[in-house]
Amino acid sequence: MRLGLGHVTQLDEAALGAADQPHLRQLFLQPLVLLTQEQQDGYVGYLLGALAALYHSRGIVMQLHLGALRDANTRGFARLGPDSGYDSVGCATDPFALAAFLDALAQRDQLPELILYCLNPCDYPVLATVCATFGGGRPGRVQLGAAWWFNDTERGIREQLQYLFENGMF
């Protein structure tokens with residue numbers, strides 16, 4: 001996971017793998033600006049794992065929005081600020097890391113109901129099969145969220161629905 005301008009933009013194996021390390025709990029006591037990139041990644045991985053366990057215990061649905069490249073044009077961002085049209089499609093996630101994260105939660109019986117939203121349409125097949133893998137035979141337990149942002153078009157919605165149909169999610 002990378003922390004950039006307050007946004008989690010990418011899940012990566014190092015951060016998700018670090019989510020179980022006990023010393024990361026101590027990172028909550030430090031301001032993020034004082035942490036190294038590796039510590040920030042561990043912090044975010046630990047935080048996601050802790051939130052997932054909490055959501056599971058309270059019956060709350062967790063949502064992960066993956067693949068946004070936020071504020072890519074720094075000159076434009078400096079001129080107009082956040083959320084002003086300087087975002088782009090990025091890479092969603094490493095499927096091995098995402099599967100390892102979800103598996104670790106499932107092994108501890110802490111996998112909440114989950115919706116994965118992706119910004120990059122190239123990631124639909126990967127995320128659709130990850131959803132099917134961790135759905136546990138229960139429709140909607142882990143699901144691919146609606147097409148959003150750059151995919152919120154007729155073509156984007158049709159493509160996303162096709163992947164849902166092909167992977168038995170309807």
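Solvent-accessible area of Thr129, all protein chains in place: 60 Å² (probe radius 1.4 Å, heavy atoms, ligands and nucleic acids excluded). In sequence order, the range 122-131 has phi-based couplings of 5, 8, 4, x, 5, 5, 5, 6, 4, 4 Hz under the Karplus curve 6.51 cos²θ - 1.76 cosθ + 1.60, θ = phi - 60°, and Gly or Pro positions carry x.
Highest-first packing order for the peptide set 154-163, 59-68 is 59-68, 154-163, based on the mean count of other beta carbon atoms within 10 Å.
Note on Thr36 and Asp152: their simple-model spin labels are 4.0 nm apart, each label 7 Å out from Cα toward Cβ. Protein heavy-atom accessible surface, 1.4 Å probe, per residue over the range 70-139: 50 Å². In terms of the Cα gyration tensor, with a ≥ b ≥ c the square roots of its eigenvalues, is the range 40-170 rounded because a/c is under 1.5, prolate because a/b exceeds b/c, or oblate? Oblate, because a/c is 1.5 or more while a/b does not exceed b/c. Each Cα pair under 8 Å and six or more residues apart adds its separation to the average, and for the range 59-133 the resulting relative contact order is 43 percent. When peptides 74-81, 96-103, 116-123, 41-48 are sorted by average Cβ neighbour count within 10 Å, with the highest value leading, the order is 41-48, 116-123, 96-103, 74-81. Extension gain, Leu51 to Asn73: 0.36 nm times the residue separation minus the Cα-Cα distance gives 4.8 nm.
The values are calculated or read from the model by the stated rules, or taken from the named source; none is laboratory data. The shown structure was predicted, so the numbers you read here are calculated from the model rather than taken from an experiment. Note that we place each Cβ from the backbone using ideal geometry, even for glycine, and neighbour counts take in every protein chain shown. Keep in mind that these areas ignore ligands, DNA and RNA; they rest on the heavy atoms of the full protein, side chains included. Shrake-Rupley method; radii C 1.70, N 1.55, O 1.52, S 1.80 Å.
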